[in-house]
Every structure is written in C-alpha cells, then in structure tokens.
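Everything on this sheet refers to the single structure shown next.
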Amino acid sequence: MRPPRVVLAKPGLDGHDRGVKVLAMALRDAGAEVIYLGLRRSVAEIVQAAADDDADIIGISVLSGAHLELAGDLLREREAKGLGDVPVVLGGTIPAKDVEELRALGVAAVFPVGTNLIEVVYGVISLASRAKELR
Amino acid sequence: MKDAALPPVTTDSGLPVAAVYTAADVDGELEDRLGLPGAAPFTRGPYPTMYRGQLWTMRQFAGFGSPEETNARYRFLLERGQTALSVAFDLPTQLGYDSSHEQARAEVGRVGVAIDTAEDMVDLFDGLALSDISVNFTINATASIILATYLVAAERQGVGYEKLAGTLQNDILKEFLARKTYIFPPAPSMRLSCDVIEFATEHLPRFNPISITGYHAREAGCDAVQELGLTMASAVAYSEALIARGMSFDGFAPRLSFHFATTLDLFEEVAKLRAARRMWFKIATDRFGATDPRSGRLRFFSGNSGTTLTAQQPLNNIVRSTLQCLGAVLGGAQSIHVMGYDEAFEIPSEEAVTLSLRTQQIIALESGVARTVDPLAGSFYVERLTDEIEAAAGAVLAEVEDAGGAVSAIEQGVPQRWIAESAYRTERDLSQGIRPKVGVNVYADAVGSEAAMPELFQLDEGTVERQIDRTARRVVARDPRAHAESMAALDAVAREGGNVMPALLIAARAGATVGEMSDTFREVFGEFREPNPW
C-alpha cells in the first residue's frame, strides 16, 4: 500500500514559501509522498496536478490575505474536475473570523500561522489517509 | 510543555556562548578592529556622532488599498511624528500586473498600495512635499518602472531630481533567494537593477538606488551568520556587474545602502550589525580598491522580524518588537521599522502602527541608549561575538563564491536550500519545545482561551473596482500617439541594450501603465520559473 500522497502549492501571487516548504519537508519525514508545485500556481494547474498525480489531499498556503477568494476558486475548480473526494486544506495568515467561513466553503482543515507543526502534519496525513480509504 | 524553562546556551545561529567572558576572550588589539565611529573600519558606526547629531529615521512601512487610502495613512503617521515614508506596494504592482489583470484581482491593495500609472503616484503623494520627505520604496522586479512613475510625480510637484531623497529597494537577487517577487530571469533582472543604479548615480545624488538586503533571507529561515554572508555575496555581485559596465567603484559605492533584520537574540544581532560594517569596509577596500572613504561606509535600514512574532498572546509581540528595535539602535541603524503587534494576522491597525512608532520614540528619547555612540563597544562578549560572526559570515561568502558567486549560486538553488533547511530546523525546535517561545511552547494559554485582539484592519470592499475604473478612465484620456511611440521606444531599448530609464520616463509621462511597461519587458526578457527541487 502506497503512502498518502499530498499536493502542495501556493496559489495567488504571494511569495512567502517558508511555511509550505517546511511542511513539505516535515510531511516527507513523516512518510508522506509530497509533490510541491511551487509559487504562483493557478487553481487550474493545482487541480490538474492533483488529478494527474492521483493525490489524496491538496494543501495550499496563502499569506497575502486573499485566502477566501483563492480557496473559493480552488474548490469550484475541484468540483468542476470531479475531484470532490480529494480534501483541500489551507494554511497561512488566516484571521480567526475567516476560519469558519473557509470551513463552510468546504475547506477540510485550516491551519493559521502559529499552529504547531506536528499538529499540521498529523491533520494532513489523517485527512489524506481517510480520503484514500474512501476512494 | 515545560514549567521552568531555561534559555539555550547557543546563539540563534548556533554559536556556543560561555557563561562568562573576560579580556582573555578578545584577541589582539581591539583598536585596529574598531577605530572610531565615522572612521575606518566603521565597526562602531558610519558617522562620528551618530544619534547625538541626528536620530535614526523612523520609517514605518505602510501601504494598502488605493493611493488615497495610503495617502491618508501617511498623513496619520507624519502627524504622529514619523520622520520619513516607506511605501508598501501590492503584489500586482510588484509583479507588473495592472489591477484589472485576471491574476491580480484577488490581490489588489492587499499587502500594499495599488499603483497602475504615474497618476496614481501623483495621488499617493498629494499634499506631501517630495522635496522635504525621504521615501523608501519596497519594489524590486518593477523598480525601474516604479522609479519612473515617482519621478513623474516629483516633476508634477515641480521638485528637481537633485532634491529627491530616499531609497529604492531594487535588490533583485534576494527576490530569487527569498522574497520571490521576481518576474524576469536573473541576467536581464540584474541589467534592470544596474540601469537604475547607473541612472541614479548620474541624476539622483541624494537617493539610494539599491538596498542590498539580507532581511528576507532571514525571514525565510536562515540564521544571522548566513544573512550577513549572503548580503555581502549580493553586494559583491552588484559591484562586479556595475564595474563590468564601466562604472568606477567609488562612483557608485557611496550610494549603496543595506537592509538587515534585527531579531530577538539581542547581542548576536548587535554583533552582526557591527561585523557587517567591518566586513563591507574590508571588501570595499581590499577587493574593490576603494579610495573614497564613503565607499566602505555601510549604512543600513533595519526591520524587526515578523517571524519572531506570534499569533498566540499577541500583546507579547509589543515586548518582542521593543527588544528588536533596541538591538537595531545598539547596532547603529540609520532607519528603523517596528512591526505591528497584530501583524501575524493582517495589515497593522492604526492603533498597532502608532504603538510601533511610539516604541521607537520611547527608545530614542526616554531610554538613554541613544546618548552615546556604540555603547556596547569593548564588552568582552560583544567584541568576541562580533569577531566570530565576521569570520563565520566570511565562510558563507566563500561558499557562495565557490558556487560561482551570488548569481550562479542562486540559479543553482544552493542558498535557497540552506534557507529552507534552516527554516525547517527552527520549526522543529519550536514544535518540540527545544527553543522556548513564550505563549507558544512555554507558558501557553489553555486550549481555547482567546487572547485580547485589537480590531483587525479591513480592506474596503469597493477598492478594487474603483481602482480598475480609475485606471480605465486614465487610459482612455491619454494621447494615443505619444503613448504608442513611447512604448515602441521602450521595446527598442530593451531589445537593443542601453539604459532603460530614459525610455521608461517618457512612457510613464505618456500614461503607460505598470502592466504595459512590464509586458514590454516580459516579451523581450521572458519570465523566470524557479527550478523546483521539492
């Protein structure tokens, strides 16, 4: 049985990639397969990569404040491509008031700045494993 | 996790620290390594009297929404005693997209002000006399274009170029390294940076056309030693590129400026800033044969570190920022920005930004630390640490040069990997409680208890549409023939070589948008995509 497969990316224009790279390394050390797509990816590119690579989860990182728009765009693209069973998680500078709204949009988990790395790794891997079993 | 935490016995960069230092820990004659403030090798500061003659410039980085909204924030800051301005641009402006561009819309006005045309720059500084106020611009890939729009705003105010004071960040190498708002590949990007420096050397005698920056590599995860080594590697690369186009080192070096982070490890940071000045003096003198004493006199801006601030117990960030500002002052900064304590969440609120400014004012006027120059000189510990950091940063510089110098090392992704690995180590230490962080891994609140948070800044919903609409009206109003001619001339100089600044100025005056000018460069230079080793 292959390990959980995670597609990580930064949509939008912000270049703060410290967090997403740290998470990529931490997930790899925890045994996950990680495909990091890099900066300034369109939501179409991200969903296409998740489909091509048979990803179990999509993780995006946004630190510019554009998280509501970008998460909404990504979730719509995911539905349009028939990947509704691949959970989407999001990290970044997310004010508490936006966390509920993101969850209501359909984001499976939100990890605002300050979340313990171990908690993020555990959250991503358990969501990915569950999605993998269900598919 | 822990009850009675003790501080680590190594610095943030991992240098071991003894319990006690004595005169025996300081090698040889200190006199040669220190000199006097304002004299070679400038370890103690670039000027003889430092803050007794003139306090540092208090320069809070600010910008959001439309030019009018940001103009109002500038007036707010100046009324409260800020002494200069520092412009934050939104990501579309930094990446050369107009506000109406499909990829721009979600980001317009978010992390800075939106500038689409020179008219926006005119509005940004409406009622603020550019002859009297020094302005810092955090702009890089589009620095040449933004400078052109700023010069048009100055022309409109009737202010001669020779009167303009301020700093253009214009350090494209650290964009590839850490900050990531690059557009074009490294070689044409270096050309644009150097075009700006060359133009400014001739026409803008009071303006710093580059701020060579270690700050972003530090924020992206590297340590103090790597920050200093990488900054010097970039400074060498720009100097070599300018010399290669026929400029003399003494012709441009006095206008080079620098930018360092000041984080929480107080003595290590002070030692790093002192070591930076000595290191640059030696490079300027030994490597580039500087004869003008100003060429080896390093001046810098310090921003405190956003990554040291925490979302948990946000009021603690006020204390963290105060310590970092103190470090910058003890390290001899020429200008300082203090982060807002709510900055882990959003653009700082008016309350937070006022507190940042007050922090600087209290340190300047009440604490007494500005009373005498370089007050930590002669401390056994600080002098020892200054020597150690200089040596260790020299080793980092040598490693970059072994990889072919800054440009080549960055193209290979070598320093990017150092930075990411160092960030991962830091995060692991934090998550496992190896490095104590108050309110996070020690003395944390019980789960679920929400700390006091100020009212967060809210971007006005109508800003994006208004900005798009205004630019559309300005585009319609311009003289189409003058615009078309200026764009053709810009295309020609980009293709054929020669300094792009005169053509950019004509285009900006003719109403060309930041997106149009950037697209011209995109067509000629192509776009860079980071090699992805991940």
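Does the range A:56-112 come out rounded, prolate or oblate by the C-alpha gyration tensor, with a ≥ b ≥ c the root eigenvalues, rounded set by a/c under 1.5 and, if not, prolate when a/b is larger than b/c and oblate if not?
On the way: a/c = 1.83, a/b = 1.76, b/c = 1.04.
Prolate is the answer for the range A:56-112, as a/c is 1.5 or above and a/b outweighs b/c.
In chain A, which helices (entire DSSP H runs) extend 20 Å or more along their own long axis, judged by Cα positions, while averaging at least 0.0 on the Kyte-Doolittle scale? Mind showing how you got there, number by number?
Values: long enough: A:117-134 (26 Å, 0.99).
Length and hydropathy pass: A:117-134.
Hey, what did the range B:19-109 get for relative contact order, percent, Cα under 8 Å, at least 6 apart? Display every interim value, and only then the final one.
Details: 89 pairs, mean separation 16.1, N = 91.
After rounding, I find 18 percent.
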Original post:
How long are the three semi-axes of the equivalent ellipsoid of the range A:1-55, in whole Å, if each is the root of 5 times an eigenvalue of the C-alpha gyration tensor, listed from largest down?
Top reply: 19, 16, 4
Original post:
Could you give the distance between the Cα centres of the range B:187-221 and the range B:318-382, to the whole Å?
Top reply: 25 Å
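Sum up the charges of everything whose Cβ sits under 12 Å from the Cβ of A:Gly84, counting Lys and Arg as +1 and Asp and Glu as -1, but leave A:Gly84 out.
Details: positive: A:Arg76, A:Arg78, A:Lys81, A:Arg135; negative: A:Glu77, A:Glu79, A:Asp85.
Result for the local shell: +1.
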Subject >> For the range A:1-51 versus the range B:42-77, the gap between their alpha-carbon centres in whole angstrom >> reply: 38 Å
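Counting only other chains, and only Cβ atoms inside 10 Å, what mean value do you get across the residues of B:423-433? Display every interim value, and only then the final one.
On the way: counts 6, 9, 2, 2, 11, 6, 0, 2, 9, 3, 1.
Taking the mean over all residues of the peptide, I get 5.
Can you tell me the order of B:404-412, B:294-302 when each peptide is scored by its average per-residue count of other Cβ atoms within 10 angstrom, highest first? Spell out each step's value before the answer.
Working: B:404-412: 19.2, B:294-302: 24.0.
Peptide ranking by packing, descending: B:294-302, B:404-412.
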**OP:** Enumerate the calculated ³J(HN,Hα) couplings along the range B:270-282 in order (Karplus 6.51 cos²θ - 1.76 cosθ + 1.60, θ = phi - 60°), each rounded to whole Hz, writing x wherever the residue is Gly or Pro.
**Re:** 4, 4, 4, 5, 5, 4, 4, 5, 5, 5, 5, 4, 5
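Using only the alpha carbon atoms of the range A:33-127, find the Kirkwood hydrodynamic radius as the inverse mean reciprocal pair distance, in angstroms to one decimal.
On the way: mean 1/r = 0.0743 Å⁻¹.
Every distinct Cα pair counted, the radius reaches 13.5 Å.
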Subject >> Rg in Å to one decimal, and Dmax rounded to a whole Å, for the range B:179-337 via C-alpha atoms >> reply: 16.5, 54
Original post:
So who's got an amide H within less than 5 Å of the one on B:Arg299, skipping anything under 5 residues away but keeping other chains? H placed 1.01 Å off N, in plane.
Top reply: B:Phe258
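Peptides B:32-39, B:348-355: what's the order by average Cβ count within 10 Å, highest mean first? Intermediate values should be presented prior to the final figure.
Working: B:32-39: 16.2, B:348-355: 20.0.
Top of the packing list down: B:348-355, B:32-39.
Report the rotationally averaged projected area of the range B:158-198 based on its alpha-carbon convex hull, in square nanometres. Before the final figure, lay out each step's value.
Values: hull surface 15.0 nm².
If I average the Cα hull's projected area over directions, I get 3.8 nm².
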Original post:
Can you list residues whose amide H is under 5 Å from B:Thr57's amide H, if they're 5+ apart or on another chain and H is modeled 1.01 Å from N?
Top reply: B:Ser335, B:Ile336
**OP:** Can you run the Rg to Rh ratio on chain B? Use alpha carbon positions and the Kirkwood inverse-distance Rh.
**Re:** 0.96
Subject >> Cα point-scatterer Debye curve for the range B:125-208, base-10 log of I(q)/I(0) at q = 0.13 Å⁻¹ >> reply: -0.41
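Could you work out, residue by residue across B:337-346, how many beta carbons of other chains sit within 10 Å of that residue's beta carbon, and then give the average as an integer? Write down the numbers at each step before the final one.
On the way: counts 0, 0, 0, 0, 0, 1, 1, 5, 10, 4.
Across B:337-346, the average partner-chain Cβ count within 10 Å equals 2.
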Subject >> Per-residue HN-Hα couplings for the range B:525-531 [Karplus 6.51, -1.76, 1.60; θ = phi - 60°; Hz; x = Gly/Pro] >> reply: 9, x, 10, 8, 10, 4, x
Original post:
So who's got an amide H within less than 5 Å of the one on A:Gly59, skipping anything under 5 residues away but keeping other chains? H placed 1.01 Å off N, in plane.
Top reply: A:Val7, A:Leu8, A:Ala9, A:Val89
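Please rank B:Ser100, B:Ser367, fewest neighbouring Cβ atoms within 10 Å first, as an exposure proxy.
Sorted ascending by nearby Cβ count, the order is B:Ser367, B:Ser100.
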**OP:** Just need the relative contact order of chain A here, percent rounded to a whole number, with Cα pairs under 8 Å and 6+ apart.
**Re:** 28 percent
Original post:
Across the range B:12-26, in residue order, what do the Karplus-derived ³J(HN,Hα) couplings come to in whole Hz, using 6.51 cos²θ - 1.76 cosθ + 1.60 with θ = phi - 60° and x for Gly and Pro?
Top reply: 4, 7, x, 6, x, 10, 7, 5, 9, 10, 10, 4, 5, 7, 9
Subject >> Tail weight of P(r) past 18 Å, computed on alpha-carbon pairs of the range B:1-132, percent >> reply: 72 percent
Original post:
Okay, helix-only estimate at 222 nm for chain A: each DSSP H run of n ≥ 4 adds -39500 (n - 2.57), divide by all residues, round to 500 deg cm²/dmol; what do you get?
Top reply: -15000 deg cm²/dmol
**OP:** May I ask for the equivalent-ellipsoid semi-axes of the range B:246-382, computed as the square root of five times each C-alpha gyration tensor eigenvalue and listed largest first in whole Å?
**Re:** 31, 17, 13
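Sort B:Cys194, B:Cys222, B:Cys325 so the one with the fewest other Cβ atoms within 10 Å of its own Cβ comes first. The partial results should precede the final answer.
On the way: B:Cys194 22, B:Cys222 29, B:Cys325 26.
Arranged by neighbour count, lowest to highest, B:Cys194, B:Cys222, B:Cys325 become B:Cys194, B:Cys325, B:Cys222.
Rounded to a whole number of µm²/s, how large is the Stokes-Einstein D of the protein assembly as shown at 4 °C and 1.567 mPa s, given Rh as the Kirkwood radius over C-alpha pairs? Show your work: numbers first, answer last.
On the way: Rh = 25.7 Å.
It diffuses with D of about 51 µm²/s by this estimate.
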Original post:
Where Lys and Arg each count +1 and Asp and Glu each count -1, what net charge lies around B:Ala423 among other residues with Cβ under 9 Å from its Cβ?
Top reply: +1
Original post:
Taking K and R as +1 and D and E as -1, what net charge do the other residues with C-beta under 15 Å from the C-beta of A:Gly31 add up to?
Top reply: +1
Subject >> Kirkwood hydrodynamic radius over Cα pairs of the range B:150-273, then Stokes diffusion coefficient at 10 °C and 1.306 mPa s, in µm²/s >> reply: 102 µm²/s
**OP:** Evaluate peptide B:101-110: per residue, the Cβ atoms of other protein chains within 10 Å of its Cβ; return the mean as an integer.
**Re:** 4
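Every read-out reported here was derived from the displayed coordinates using simple, explicitly stated rules and does not represent laboratory data. Since the structure is predicted, the reported quantities are computational estimates derived from the model, not experimental observations. We place every Cβ from the backbone using ideal geometry, glycine too, and count neighbours over all the protein chains shown.
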